[in-house]
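Asks: One structure, pasted below without further comment.
The values are calculated or read from the model by the stated rules, or taken from the named source; none is laboratory data. Please read all numbers here as calculations on a predicted model, not as lab measurements. Backbone-built Cβ (ideal geometry, glycine too); neighbour counts: all protein chains shown. The area values use the complete protein model at the heavy-atom level, side chains included, leaving out ligands, DNA and RNA. Shrake-Rupley method; radii C 1.70, N 1.55, O 1.52, S 1.80 Å.
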Amino acid sequence: METVFDFLRAALPWIAVGLLLAVLCAREAGKKKKEEQTGDYGTEGMCLGMCFGTAIGTSLGNNTGIGISLGMLIGLAIGTCIKKERQDNDQKE
């Protein structure tokens, strides 16, 4: 069982980097479309993911750095899927 944990500790940072590159490439491909974008919650998701990743990584006794990086990655992925709605001040009058 110890060898499985050793493998996971060695492989998780590389998996996180690969997933992050995939998310960033997909995000850049979406920006090439010339449609009006309203924005997304990517930054907020990264911040919350980093907080939750730190808490979960510390409570499970794993490396805190891995928890931070995986939490940030998962938060970015979820945050980019949720689009912000555009609010016009002219319609409120």
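Asks: Any chance you could look up the accessible area of C51 with a 1.4 Å probe, heavy atoms only, rounded to 10 Å²?
Replies: Rounded to the nearest 10, the figure is 90 Å².
Asks: Between Y41 and residues 5 or more places away or on another chain, which pairs have amide H atoms under 5 Å apart, with H built 1.01 Å from N, and which residues are they?
Replies: Excluding prolines and chain starts, which carry no amide H, the hits are I82, K84.
Asks: Between A11 and T43, take the C-beta separation as r, use R0 = 30 Å, and let me know the FRET efficiency to the nearest 0.05.
Replies: Efficiency, from the Cβ-Cβ distance: 0.60.
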